[in-house]
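Read through the structure below, which is laid out as structure tokens, and then see the notes.
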Amino acid sequence: MVHVLSSRILLRPTDPERSRAFYGEVLGLAVYREFGTGPERGTVYFLGGGFLEISGRSEARPSPSVRIWLQVDDAEAAYEELRANGVTVLRPPRREPWGLVEMWIEDPDGVRIAVVEVPDDHPLRYRP
């Protein structure tokens, strides 16, 4: 088995400055590290137990199969905060049949982001 010490999602946006503004300022993700210089420099953000790296540039938008899952304490509070920050909410929070409260937004390149609350009574909160 491969011994994984760390992991991160790598995004190559079409407009790195716009993506850094979205993830760093609008979503308010904390910076783990930065590297390089110029507009295509790298910025790595904390994502709970993982990281999100914005670096380089791509001529094409990411595949629609790329998704990011962000767990929050309170999906309704996140909804209000994101709307106040000008984020277009694709779908407001609602409790899904599988028990999670999910809301969907997207980044400037169209990467879909699930903002998820795990309710206190959900099986992810405990082991039977």
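It is to be established whether one or more residues within segment 64-77 are polar (S, T, N, Q) and farther than 22 Å from residue 116 by Cβ. The answer is no; no qualifying residue exists. Count of segment 1-16 residues, restricted to those that are open to solvent by less than 80 Å² (accessible area, probe 1.4 Å) and not in a strand (DSSP E or B), is 6. Hey, any hits in segment 66-74 for a residue that's in a loop (DSSP other than H, G, I, E, B) and surrounded by 11 or more Cβ atoms within 10 Å (Cβ to Cβ)? Checking segment 66-74: at least one residue is in a loop (DSSP other than H, G, I, E, B) and surrounded by 11 or more Cβ atoms within 10 Å (Cβ to Cβ). For beta carbons closer than 8 Å, sequence separation of 6+ or different chains, a first residue in segment 1-27 that is within 10 Å of residue 54 (Cβ to Cβ) and a second that is β-branched (Val, Ile, Thr) and loosely packed, with under 13 Cβ neighbours inside 10 Å, the qualifying pairs are 24/31.
Would it be correct to say that residue 46 is under 28 Å from residue 81 (Cα atoms) and either open to solvent by less than 60 Å² (accessible area, probe 1.4 Å) or not small (Gly, Ala, Ser) (or both)? For residue 46, the condition - under 28 Å from residue 81 (Cα atoms) and either open to solvent by less than 60 Å² (accessible area, probe 1.4 Å) or not small (Gly, Ala, Ser) (or both) - is met.
So in segment 111-121, with the set limited to residues that are open to solvent by 20 Å² or more (accessible area, probe 1.4 Å) and either in contact with a helix residue (DSSP H, G or I) (Cβ under 8 Å, 6 or more places away or on another chain) or part of a loop (DSSP other than H, G, I, E, B) (or both), which one is nearest to residue 56 (Cα to Cα)? Among those residues, the one meeting the criterion is 117.
Can you tell me which residue among 22, 35 is open to solvent by 50 Å² or more (accessible area, probe 1.4 Å) and out of contact with any Leu (no Cβ under 9 Å at 6 or more places or on another chain)?
Values: 22 fails: open to solvent by 50 Å² or more (accessible area, probe 1.4 Å).
Of the residues listed, the single one that is open to solvent by 50 Å² or more (accessible area, probe 1.4 Å) and out of contact with any Leu (no Cβ under 9 Å at 6 or more places or on another chain) is 35.
The values are calculated or read from the model by the stated rules, or taken from the named source; none is laboratory data. Because the structure is predicted, anything quoted here is derived from the model rather than measured. Cβ: placed from backbone, ideal geometry, glycine included. Neighbour counts: every protein chain shown. Protein only, heavy atoms only, side chains kept; ligands, DNA and RNA dropped before computing areas. Shrake-Rupley method; radii C 1.70, N 1.55, O 1.52, S 1.80 Å.
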